[in-house]
Amino acid sequence: MAFRTSLDMEDDCLNMSPLGLEAQDKLGTVCIFGTGDFGRSLGLRLLQAGYLVVYGSRNPENSSLLPKGAKVLSHKEAAEYSQVIFLAVHREHYDFLSDISDQIEGKVLVDISNNLKKNQYSESNAEYLSKLMPNANVVKGFNTVSAWALQSGNLDGSRQVSVCGNDYKSKRIVMEIAQHLGLIALDYGSLRAANELENYPLQLFPLWRLPLCIATCLTAAFFCYCVIRDVVYAYATEGKDVSFRILISLANHIFPVVSLIMLAMCYLPGVIAAFLQLYNGTKYKRFPAWLDKWMLCRKQLGLVALGFAFLHVLYSLIIPVRYYVRHRQNSYLAKQIKNNETIIFQNFYAWRNDSYLSAGILGFGFYLLLGITSLPSVSNTVNWREFRFVQSKLGYVTLLLCTLHTFLYGWDMFCHAHNYRWFLPPTYMFSLIVPCIVLILKVILVIPCVDTAVMRIRQGFERHAEKTPYAKKTSIGGTLAL
Amino acid sequence: MAFRTSLDMEDDCLNMSPLGLEAQDKLGTVCIFGTGDFGRSLGLRLLQAGYLVVYGSRNPENSSLLPKGAKVLSHKEAAEYSQVIFLAVHREHYDFLSDISDQIEGKVLVDISNNLKKNQYSESNAEYLSKLMPNANVVKGFNTVSAWALQSGNLDGSRQVSVCGNDYKSKRIVMEIAQHLGLIALDYGSLRAANELENYPLQLFPLWRLPLCIATCLTAAFFCYCVIRDVVYAYATEGKDVSFRILISLANHIFPVVSLIMLAMCYLPGVIAAFLQLYNGTKYKRFPAWLDKWMLCRKQLGLVALGFAFLHVLYSLIIPVRYYVRHRQNSYLAKQIKNNETIIFQNFYAWRNDSYLSAGILGFGFYLLLGITSLPSVSNTVNWREFRFVQSKLGYVTLLLCTLHTFLYGWDMFCHAHNYRWFLPPTYMFSLIVPCIVLILKVILVIPCVDTAVMRIRQGFERHAEKTPYAKKTSIGGTLAL
Amino acid sequence: MAFRTSLDMEDDCLNMSPLGLEAQDKLGTVCIFGTGDFGRSLGLRLLQAGYLVVYGSRNPENSSLLPKGAKVLSHKEAAEYSQVIFLAVHREHYDFLSDISDQIEGKVLVDISNNLKKNQYSESNAEYLSKLMPNANVVKGFNTVSAWALQSGNLDGSRQVSVCGNDYKSKRIVMEIAQHLGLIALDYGSLRAANELENYPLQLFPLWRLPLCIATCLTAAFFCYCVIRDVVYAYATEGKDVSFRILISLANHIFPVVSLIMLAMCYLPGVIAAFLQLYNGTKYKRFPAWLDKWMLCRKQLGLVALGFAFLHVLYSLIIPVRYYVRHRQNSYLAKQIKNNETIIFQNFYAWRNDSYLSAGILGFGFYLLLGITSLPSVSNTVNWREFRFVQSKLGYVTLLLCTLHTFLYGWDMFCHAHNYRWFLPPTYMFSLIVPCIVLILKVILVIPCVDTAVMRIRQGFERHAEKTPYAKKTSIGGTLAL
């Protein structure tokens, strides 16, 4: 029948608990196999919430460490007491269950195990368990909560407990237990999702890998380039040792360049996607895999870029306190005074200098704004339309300002021969390539006729009828950036 | 009867699904009318969660794009399969339902539609639908979730699904479905709230409108003022072109002024409210509408002001790298050296200069603290008392420090005639008016006798018996700022 | 029986509400005792959610202020209407209930009261109430929500409602009501937890007390030290008044020192814990109380330290705009020019100066990263492994960089006699003690043989068999920092 709800787990839970009834024990008895850290923490928490707890253990005598009020029995005995059995043992030891398959029949078996590395086994522990115990209702859950958080009640980080399983009723029972422990239970679908749940606690910033790797490569490349162009060049030609420039001067050349390129890379895939859709004449055609992957890590790309921009700001702000800078200025001034030169003020330089500074400041301001709105708690409070307004409209303003900042900084540098040491152009020129491409493509896309064409495709219009069922996600994803 | 709970939707959900039973289908069958993006995404998600999905479509043949495992039938047939029908079609096409009113009778009809602009129709789509189908239980919900988020499972932004409807049982069914999709369902009351839910996805920072508008007006006004007083004046009197000062010098005059004024405006309404309550002798008298509106956007006012303060900080920090500044200092120094003047160090200037700088820094530090605590996730973790402590106590410290900063900066400027170019006083003087008013009024309010009077009123005491039932909210809101 | 669920509150809730039935009133009738702010706000909210509301009041006539649609009756009458009674009166007035104990028998009595100060009474209000009314099912809850938030619906801050009580069914009823009001209900266990819930709204940053106190003491101590060493010394020996240095120069000596010391103090307890475990040869031995306390406020320690670091950055960045600094540089330069000295550029100084600046900048960058990841909403999105990676790995990198920054700043200062004014060493030397200790101990701990020993203990291995049941939490907590 349809829409079974909490009520109907009732009937098969009528095992009178023989452990004596108090006010709380209406919540019933929970059985825990395994007396490790997690087993103990879970037991303590369950007792606090008003459950009766029975531990199943190999050697029930050794119960010194278990929370007060919990019974310790053999696995066989313990299993009989309760409708729900938490399995807090390693996958290797699951086989002991086969001896007590009769006691476990039809009961809820909660697999809370984690592995040591991702995809350690061909199939997830929970699925393996359900094969092992076909007559039990296996539910995967609680493995994302740390024993420490569970016990100390310090759950700020991990209030959400994802639960998955094939039998809906069993899942529901486990979710209710989670709720009674003060956790927020989320239904994660069927047991097929168990693998995902088991991998979750093992992953280490998967989405950040690519952006960080890009950042590292770019930084390394530009570092070598700058060292050759500045330090080596100075030494080779004038025999001057300017190696000290590496620490700040070069860093402050590299960071802004990397930052601007990566910022532009956040918006490039969106533009490419739009052109692809225009070319395909439909949004129901799958994007190439690399584009999908690229799109999914745009947020991280942007945040890494923001980090570099932040460093650039700090490095620029400390310029005047640097010994090198002060010395250069002083000796310059001293020279002028000695030679009795009068220093003429050039309005033009003032304009240029100020305008590139303020473009940079405003750009950074907007940039920070983007960063703040990408904080989970902030993006939760804005609706879809507001989110897109900030991330795309403001995003392009930021890109524009930062590109302008670089342009004004470089100005006419590129047309002075002496800037091409060993025919190597100054770094800032490289940083302008990607942003300019993005901005030009974007300009093309906002031309009314093009814009309407894209919109029509986005609204489902198709020029010719090639459709593939799995194309949607990517295409919808594509709209994100525009 | 009272306190009907999840259980009692059971009885009217006993439609055996004839689509063949698997493990998951205990969750039952869901029908979706409409095969657009949202319909498809929702269907996919439902299938993943273990529901059976039937699509109702005008032309059931064209089902190429629908997720695998979903049946596609005519509206009539589809409706018979399920107790719950998601209506993923535009309001304009609702009328087709009238043909199948028999199949829909007594069923749960979920209106997930959104409009193109706010209050597009006199009545909300859901209410219109419930008038159209009086014998169906209309529930509004899911319209705040984006198809993309739903399908990609990337729900960070939008896990919360608000649901409203008149029939409690139907609402409950829809909320349970939401929970099975891994969403957090919130009960939003009766169908009267549908309009609000439908407007939500369309709004664009409604609370930020007023503060941003105020900021823009102030900035524009002060900009004109400064241009006249600095640039035009210099040109008219000495024929000097100092237009370059617009970009940074003027900006750095305007931003702090606007920031300080807006910060003060966050605390002004609270003080006014207190005096109004004192005057009325009760807290149960409605505040004027403008005061209510003002109070509701104090947070946004403060954050915009923080943004301006941040820009002011950056603009001030880059002063020493500016070409103009360096040139002025150098030529000044050169002059002194030429004329053989000895530069005397004045303790007094050092004191004044340092004190105004440090007042500014500390003020900005506290300011940032206020900003951080106004992040949703942070303000969630503090209780009411802590929140008020930060926002009012620390808030006034911030205001005090920033005002002090401005005072010390201006110091005795105002008593030098040459600062009144064309009789126009320097900008910073304007920025002091509002803060001083707020601080003075606040000082009056903290005088013991006044303070106790306000407290007694806040605790419900009334001097004379004029009461209006709706006055509470505003009065309680009033306490926010104190 | 076990696993009673929402369903079974049904049977004892079958009181036909005689107030006339509408669409919504399926939700049933709720009774509120007390017509204060909270009573009114709660009533309004309940009505909006579709409940029928009856107020119990001493003088039912005076109902002018109550929300429209609510009935007002005597306590006796009101109690009869509903299964659930919200008690919105002060603990002092609970006794009036004894008169109507018959009406209340077996009903759900929700204690939403708060006290004026923590642990005002020996036992919590809710427990006192349940003693007073033994035949009613007392539930504690809703006291953490503010009347204003409840009424204005502005629940960003406080959507979570913690509920505790001994009778599970009653607790469940109250939690469902909370959910219908659009709140997220959390089960907080038995009535024993009521005291905690009642103290929550009264606490004022309990975890921040210790760190802030440490910060204040350190600052005060170093301030005195610096004043003597710099200001007093200068006045006593050379009769120079350099008091102006207090505001910025001294502040900028003190802040970084305090910041670095406190940052090191975040990591010291973790290291101590590891050595304690090594010494004990087990992780199941309780840590001394001071260590536990210390560990629990590490996050706050770190954030306070970050605040000081931030001030240090600002104070350092404004150095070049200071009158004092500019004057010193100018007169120095003037002197040189007069005496016709040529200013020689020393590569060594450039290296040292730049390296200490960049170490500082990078350190601050990582520091900010730590701060951002400690934002609740951010730490929610990372799993346990990621959180520990950031907080420990990155944490130590930060500590290392900041210590390096200080070292390079100080460099060989300590071996110049003139830096020991009155035999007082420069401040920065003090700041290095704690960090060096932490880093050295940490280095010892990462030596393979030591590391494995610690790991084995962490995995539950015990050298000798001394066990105490309560040792786990602390030991698990201990692992946090490593």
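The values are calculated or read from the model by the stated rules, or taken from the named source; none is laboratory data. On a predicted model such as this, the values are computed, not experimentally measured, just so you know. Cβ atoms come from the backbone with ideal geometry, glycine included; neighbour counts cover every protein chain shown. Remember, those area values only see protein heavy atoms, side chains included, never the ligands or the DNA or RNA. Shrake-Rupley method; radii C 1.70, N 1.55, O 1.52, S 1.80 Å.
Among residues of region C:336-356 being within 30 Å of B:Q336 (Cβ to Cβ) and of a type in the set (A, V, I, L, M, F, W, C), the one that is farthest from the other protein chains (Cβ to nearest Cβ) is C:I344.
Just one residue in the set B:I344, B:I272 is without any contact (Cβ under 8 Å) to a residue 12 or more places away in the chain, over 29 Å from A:L317 (Cβ atoms) and aliphatic (A, V, I, L, M); that residue is B:I344.
Against the conditions (1) surrounded by fewer than 24 Cβ atoms within 10 Å (Cβ to Cβ); (2) within 14 Å of chain A (Cβ to nearest Cβ); (3) more than 30 Å from A:C297 (Cβ to Cβ); (4) not acidic (D, E), B:L132 satisfies every one except (2).
Given the conditions (1) over 29 Å from B:K285 (Cβ atoms); (2) open to solvent by 10 Å² or more (accessible area, probe 1.4 Å); (3) within 12 Å of chain B (Cβ to nearest Cβ); (4) at pLDDT below 85, which single one is not true for C:F3? Unmet condition: (3). Checked against (1) in contact with a Pro (Cβ under 9 Å, 6 or more places away or on another chain); (2) open to solvent by less than 40 Å² (accessible area, probe 1.4 Å); (3) more than 10 Å from chain B (Cβ to nearest Cβ), C:Y94 meets all criteria but (1).
Quick one: which residue in B:L369, B:L399 is more than 14 Å from chain A (Cβ to nearest Cβ), open to solvent by 60 Å² or more (accessible area, probe 1.4 Å) and either of a type in the set (V, I, T) or closer than 21 Å to C:G307 by Cβ (or both)?
Values: B:L399 fails: open to solvent by 60 Å² or more (accessible area, probe 1.4 Å).
One residue alone meets the criteria, B:L369.
So, C:V145, is that one of a type in the set (A, V, I, L, M, F, W, C), outside any helix (DSSP H, G or I) and within 14 Å of chain B (Cβ to nearest Cβ) or not? The answer is yes for C:V145.
Among B:A78, B:A70, which is the only one that is at pLDDT 85 or above, more than 12 Å from chain A (Cβ to nearest Cβ) and open to solvent by less than 30 Å² (accessible area, probe 1.4 Å)? Within the list B:A78, B:A70, the selection yields B:A78.
C:R45 fulfils the conditions (1) surrounded by fewer than 21 Cβ atoms within 10 Å (Cβ to Cβ); (2) of a type in the set (K, R); (3) within 19 Å of C:Q151 (Cβ to Cβ) except for a single criterion, (1).
If you go through region C:169-201 and keep only what is surrounded by 23 or more Cβ atoms within 10 Å (Cβ to Cβ), over 28 Å from B:C164 (Cα atoms) and at the interface with another protein chain (Cβ under 7 Å from one of its Cβ atoms), you end up with just C:G189.
If you check A:Y233 against the conditions, is it touching a strand residue (DSSP E or B) at 6+ places or on another chain (Cβ under 7 Å), in the same structural domain as A:V434 (by TED's automatic domain parsing), surrounded by fewer than 23 Cβ atoms within 10 Å (Cβ to Cβ) and on the phi < 0 side of the Ramachandran plot? Lay out the reasoning, then the answer.
Numbers: touching a strand residue (DSSP E or B) at 6+ places or on another chain (Cβ under 7 Å): yes; in the same structural domain as A:V434 (by TED's automatic domain parsing): yes; surrounded by fewer than 23 Cβ atoms within 10 Å (Cβ to Cβ): yes; on the phi < 0 side of the Ramachandran plot: yes.
Against the criterion (touching a strand residue (DSSP E or B) at 6+ places or on another chain (Cβ under 7 Å), in the same structural domain as A:V434 (by TED's automatic domain parsing), surrounded by fewer than 23 Cβ atoms within 10 Å (Cβ to Cβ) and on the phi < 0 side of the Ramachandran plot), A:Y233 qualifies.
Residue check: A:N252 meets all listed conditions (1) out of contact with any Pro (no Cβ under 6 Å at 6 or more places or on another chain); (2) crowded, with 22+ Cβ neighbours inside 10 Å; (3) in contact (Cβ under 8 Å) with a residue 60 or more places away in the chain but one, namely (2).
Of these, A:N383, A:N347, which one is in contact with a Phe, Trp or Tyr (Cβ under 8 Å, 6 or more places away or on another chain) and surrounded by fewer than 17 Cβ atoms within 10 Å (Cβ to Cβ)?
Working: A:N383 fails: surrounded by fewer than 17 Cβ atoms within 10 Å (Cβ to Cβ).
Answer to the check: A:N347.
Across region C:202-228, the qualifying residues are those that are open to solvent by less than 70 Å² (accessible area, probe 1.4 Å) and polar (S, T, N, Q), and the one among them that is modelled with the lowest pLDDT is C:Q203. Checking each residue in region B:97-120 for being in a helix (DSSP H, G or I) and open to solvent by 90 Å² or more (accessible area, probe 1.4 Å) picks out B:D99, B:D102. In this structure, A:K335 does not satisfy being farther than 30 Å from C:L362 by Cβ and crowded, with 21+ Cβ neighbours inside 10 Å.
Using the structure shown, decide if A:G281 is in contact with a Lys or Arg (Cβ under 9 Å, 6 or more places away or on another chain) and open to solvent by less than 20 Å² (accessible area, probe 1.4 Å). Walk me through it before giving the result.
Values: in contact with a Lys or Arg (Cβ under 9 Å, 6 or more places away or on another chain): yes; open to solvent by less than 20 Å² (accessible area, probe 1.4 Å): yes.
Judged against the criteria, A:G281 is a match.
Taking the condition within 26 Å of C:D292 (Cβ to Cβ) and within 14 Å of chain B (Cβ to nearest Cβ), does C:L268 pass? No, not satisfied. May I ask you to list the residues in region C:34-61 that are charged (D, E, K, R) and within 10 Å of chain B (Cβ to nearest Cβ)? Once the filter is applied, which keeps residues that are charged (D, E, K, R) and within 10 Å of chain B (Cβ to nearest Cβ), region C:34-61 yields C:D37, C:R40, C:R45.
Taken together, the residues in region C:307-332 that are open to solvent by less than 30 Å² (accessible area, probe 1.4 Å) and more than 43 Å from the chain's Cα centre (by Cα) amount to 1.
Return yes or no: is B:L150 open to solvent by 30 Å² or more (accessible area, probe 1.4 Å) and either assigned to a loop (DSSP other than H, G, I, E, B) or aliphatic (A, V, I, L, M) (or both)? The answer is no for B:L150. Going through (1) modelled with pLDDT of 85 or more; (2) at negative phi one by one, B:S190 falls short only on (1).
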